[in-house]
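K.L.:
Let me begin by handing over the structure; questions about it come next.
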Amino acid sequence: MNADLLIRRATLPDGHHDVDVLALAGRIAAVGAAGERLAAPPGTPELDAAGALLSPPFVDAHFHLDATLSHGLPRINSSGTLLEGIALWGELKPQLTEEAIAERALQYCDWAVARGLLAIRSHVDICDERLLAVRALLAVKKRVAPYLDLQLVAFPQDGLLRSPGAWANLQRALDLGVDVVGGIPHFERTMAEGARSVELLCELAAARGLPVDMHCDESDDPLSRHIETLALHTQRLGLHGRVTGSHLTSMHSMDNYYVSKLLPLIAEAGVHAVANPLINITLQGRHDHYPKRRGMTRVPELMAAGVNVGFGHDCVMDPWYALGSADMLEVASMGLHVAQMTSAQGQRQCFDAVTVNNARILGLQGYGLLPGCRADFVLLQAGSPEEAIRLRAQRLAVVRGGQVVSRMAPAVAELALPGRPTRVDFRCQPQPAQHAGTGNPSLK
């Protein structure tokens with residue numbers, strides 16, 4: 001998808017208003033100054049943003065596409081715990097088919113595109129000799145490539161050392177074309193075996209020149225400290241910038257003195273962190289009475305230490321989570337609330353956590369709003385990132401490579417109240433006179 005498009009009168013996430021953006025052959029050719037009207041080749045389609053927020057697309061750095069939309073199969077997680085979810089997935093695996101996995105994954109990808117989510121890193125379970133999920137998602141990856149970037153992580157759901165054949169299966173999955181080395185050290189039989197699995201997987205990634213993304217310390221146990229081991233081997237093997245620790249929920253319960261030592265180690269190693277706000281606060285703390293922990297990792301503290309932190313959706317309608325709709329603004333909103341990042345800076349950081357930070361984790365090339373970047377955008381019915389999060393803003397248009405691939409009607413209420421406006425779109429900031437109305441973009 002490489003097309004020409006001229007977007008007029010957009011608001012950018014950095015606060016610049018009334019900006020034109022010109023895309024030629026699927027790339028950003030020019031970004032105008034405020035009020036500067038760019039010229040385009042004759043016949044170039046124009047999208048009038050009418051003051052709406054133009055953002056690079058949403059990115060999800062942590063998801064499970066092989067399990068998505070399987071909620072209720074073969075039963076529902078009655079305890080709501082992580083461990084019952086894993087057991088339930090184990091019951092479902094023998095019933096899976098490549099066709100069913102692919103069909104559900106493709107449906108989710110449709111949802112994602114409609115929500116302006118154009119890049120996903122998905123973990124795929126390799127603890128199945130048939131590698132059904134791996135083959136299904138590799139086929140899905142190829143099919144959606146024109147409109148969605150899909151990265152796959154070889155994920156030993158039942159434990160690399162705990163599950164017979166997992167080590168061989170993981171390498172087979174990488175040979176088939178899976179992109180990233182995954183792990184789950186806290187699910188091994190002992191702390192020592194968990195640490196050994198981290199060492200083995202990091203060495204494998206280094207030998208193959210691949211990134212690493214580990215489910216790490218997804219536990220309420222303050223002594224689950226595999227992120228420390230992950231940072232150690234990242235340093236030892238020179239994997240800086242290529243390693244991600246996902247979840248890190250045990251940091252919620254750790255001693256503050258130990259965390260004061262841990263944060264600089266993670267930052268020094270250049271390890272990315274991914275929190276999954278919707279799922280972490282749902283699965284963690286299930287063994288508590290009151291006060292009840294919510295389990296999300298220390299997002300503001302990690303960011304303050306210089307760690308690149310992203311947010312993931314993790315699950316949608318699967319054995320672990322019965323809700324969700326591919327909405328990364330919902331993820332950002334939950335992260336903002338749980339981490340108490342309600343300042344203007346904190347809200348911007350949460351928007352970054354589902355856009356630019358996640359793009360950095362995935363290593364996306366040509367991502368952003370600068371000349372030379374891919375012409376991938378989402379046009380939001382909002383005037384700022386903060387307003388987009390507050391409203392879970394409508395995705396007025398989604399653009400891939402300069403081509404509009406999805407459109408939504410503006411969210412507008414029709415009122416019949418004496419002496420009041422007849423149309424309300426829930427935005428709080430007054431719109432400039434030339435942008436008055438619903439903010440409905442027009443494509444010419």
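K.L.:
Which of the residues that make up the stretch 314-362 are touching a Ser or Thr at 6+ places or on another chain (Cβ under 7 Å) and either surrounded by fewer than 19 Cβ atoms within 10 Å (Cβ to Cβ) or not in a loop (DSSP other than H, G, I, E, B) (or both)?
P.N.:
M317, L336, I361
K.L.:
Here's something else I'd like to know. Contact list please: Cβ distance under 7 Å, first residue in the stretch 36-55 and farther than 19 Å from L12 by Cβ and surrounded by 11 or more Cβ atoms within 10 Å (Cβ to Cβ), second residue among the hydrophobic types (A, V, I, L, M, F, W, C) and modelled with pLDDT under 95, pairs at least six apart or on different chains.
P.N.:
Within 7 Å, the pairs are P45/L443.
Every residue, every condition in (1) part of a strand (DSSP E or B); (2) modelled with pLDDT of 95 or more; (3) assigned by TED's automatic domain parsing to the domain that holds I120; (4) touching a helix residue (DSSP H, G or I) at 6+ places or on another chain (Cβ under 6 Å), yes or no:
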position	(1), (2), (3), (4)
D14	no, yes, no, no
A23	yes, yes, no, no
P41	no, yes, no, no
G51	no, yes, no, yes
L65	no, yes, yes, yes
R75	no, yes, yes, no
E84	no, yes, yes, no
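K.L.:
May I ask you to list pairs of residues, at least six apart or on different chains, whose Cβ atoms are under 6 Å apart, with the first in the stretch 192-211 being among the charged types (D, E, K, R) and the second being in a helix (DSSP H, G or I)?
P.N.:
Close Cβ pairs (under 6 Å, with a partner that is in a helix (DSSP H, G or I)) amount to E199/H233.
K.L.:
Within the stretch 110-136, how many residues turn out to be in a helix (DSSP H, G or I) and buried (at least 23 other Cβ atoms within 10 Å of the Cβ)?
P.N.:
4
K.L.:
Which one is farthest from the chain's Cα centre (by Cα), of the residues in the stretch 144-173 that are over 30 Å from Q403 (Cα atoms) and without any contact (Cβ under 8 Å) to a residue 12 or more places away in the chain?
P.N.:
P164
K.L.:
A further question on this structure: If you go through the stretch 270-299, how many residues are assigned to a helix (DSSP H, G or I) and more than 18 Å from the chain's Cα centre (by Cα)?
P.N.:
The total comes to 1.
K.L.:
While we're looking at this one, here's another question. Given the condition within 17 Å of the chain's Cα centre (by Cα) and buried (at least 21 other Cβ atoms within 10 Å of the Cβ), answer yes or no: does some residue in the stretch 252-269 qualify?
P.N.:
Scanning the stretch 252-269, I find no residue that is within 17 Å of the chain's Cα centre (by Cα) and buried (at least 21 other Cβ atoms within 10 Å of the Cβ), so the answer is no.
The values are calculated or read from the model by the stated rules, or taken from the named source; none is laboratory data. Computed from a prediction, not measured in an experiment: that's the story for all the values here. With ideal geometry, Cβ positions are generated from the backbone for all residues, glycine too; neighbour counts draw on all protein chains shown.
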